[in-house]
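Okay, structure first, notes after.
Computed from the coordinates by the stated procedures, all read-outs in this text should not be read as laboratory data. It should be emphasised that the depicted structure is a prediction, and the values quoted were computed from it without experimental measurement. Cβ: placed from backbone, ideal geometry, glycine included. Neighbour counts: every protein chain shown.
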Amino acid sequence: MMATFLRSGAVALAVTVGLLGATGARAADEVVAASVPASAPAQVQVPLPASAPVAIPAPAPAPSPATERLQVSDPYIELRTGPGRGFPVFFVVARAEWIEIELRHTDWFRVRTAGGKMGWVSRQQLETTLTASGATKSFRDILIDDYLSRRVQLGAAWGRFNAEPMLKIWTSYRMSETLSLEGTVGQVQGKFAGADFWHLSLLTEPWSDQRFSPFASIGMGKYKYVPNASLVGATTTRSKLANATAGVNYHLSDRFLVRADYSLHTVFFSDTHTNEFRAWTLGMAFFF
């Protein structure tokens with residue numbers, strides 16, 4: 001009886017110790033788990049639905065320094081395929097649209113629209129357009145532009161050389177706004193003798209930008225005296241020549257100008273013999 005009671009007590013004690021051990025282990029595990037920091041949750045990438053790319057409009061290109069932007073103020077202006085009224089109209093630019101001037105040919109301008117259209121417009125139509133500041137665009141006469149930028153000049157004139165008829169031609173090259181190098185060839189036809197001459201001159205034109213422009217020149221050249229063959233003892237004489245000229249140019253129209261001048265020619269027949277001849281001429285020149 002005593003032995004049975006002891007065995008029952010030992011079994012109960014063993015069960016109690018086992019339960020206490022299991023409880024202590026779970027408590028220790030919970031303490032360890034609480035002391036370890038929780039790791040960050042894994043990031044989950046969710047694929048976004050594919051969408052069409054968004055079109056971003058490109059900014060309007062700024063005009064280059066060589067162009068000028070103008071705004072149309074008339075109901076429209078016409079763009080032609082070439083610089084002239086004989087070319088067909090292929091596009092119309094509406095009011096308030098912007099155009100850029102790219103090139104000039106006489107009174108016609110090649111322009112480009114904001115949409116990339118390129119054509120020719122007459123100066124009369126562009127005179128009503130507006131600049132970026134809102135002012136009306138003004139154009140200087142193309143003829144005046146040509147006159148101010150002239151370089152080479154060719155001309156012919158008729159006049160008198162000591163009361164004898166004279167014809168001369170000249171050409172000049174404009175080296176600067178006020179200085180030119182000029183070459184002249186002339187011929188005099190008298191009753192008893194004739195003369196041929198040429199000279200190179202340095203010409204100054206202080207007011208070359210004016211339509212009415214005075215000038216002066218000095219130069220050196222050659223003079224050839226040719227008497228009529230019927231004269232007894234007639235001999236041809238060649239001498240050095242110096243000249244001084246004063247005159248005026250007047251821009252007539254287009255590329256033409258009128259010229260009037262008065263010259264003093266000094267002929268050196270010998271070291272001790274010189275003679276002076278006065279001449280005046282009136283002529284016309286073409287410049288480019």
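Things to note:
- Prolate/oblate/rounded label for region 148-287 (Cα gyration tensor, a/c 1.5): prolate
- DSSP-loop chymotrypsin sites (Phe, Trp or Tyr not before Pro) across region 189-285, with at most 10 other Cβ within 10 angstrom: F192
- Each Lys and Arg contributes +1 and each Asp and Glu -1, all at the Cβ; summed about the Cα centre of region 148-287, the dipole is approximately 240 debye.
- For region 68-139, the Cβ-based charge dipole about the Cα centre amounts to some 120 debye (Lys, Arg positive; Asp, Glu negative; other atoms uncharged).
- About the Cα centre, charge dipole magnitude for region 204-282 (Lys/Arg +1, Asp/Glu -1 at Cβ), debye: 240
- A straight line joining the Cα centroids of region 66-119 and region 233-288 runs 49 Å.
- Summed side-chain charge close to I77 - residues other than I77 whose Cβ falls under 10 Å, Lys, Arg +1, Asp, Glu -1: -2
- Reachable aspartates and glutamates from K191, criterion Cα separation under 17 angstrom, eight or more residues apart if same chain: E164
- Each Lys or Arg adds one and each Asp or Glu takes one away; over the other residues whose Cβ falls under 9 Å from the Cβ of K137, this sums to -2.
- DSSP-assigned coil residues among trypsin sites (Lys or Arg not before Pro) in region 147-228, each with at most 10 further Cβ atoms within 10 Å: K191
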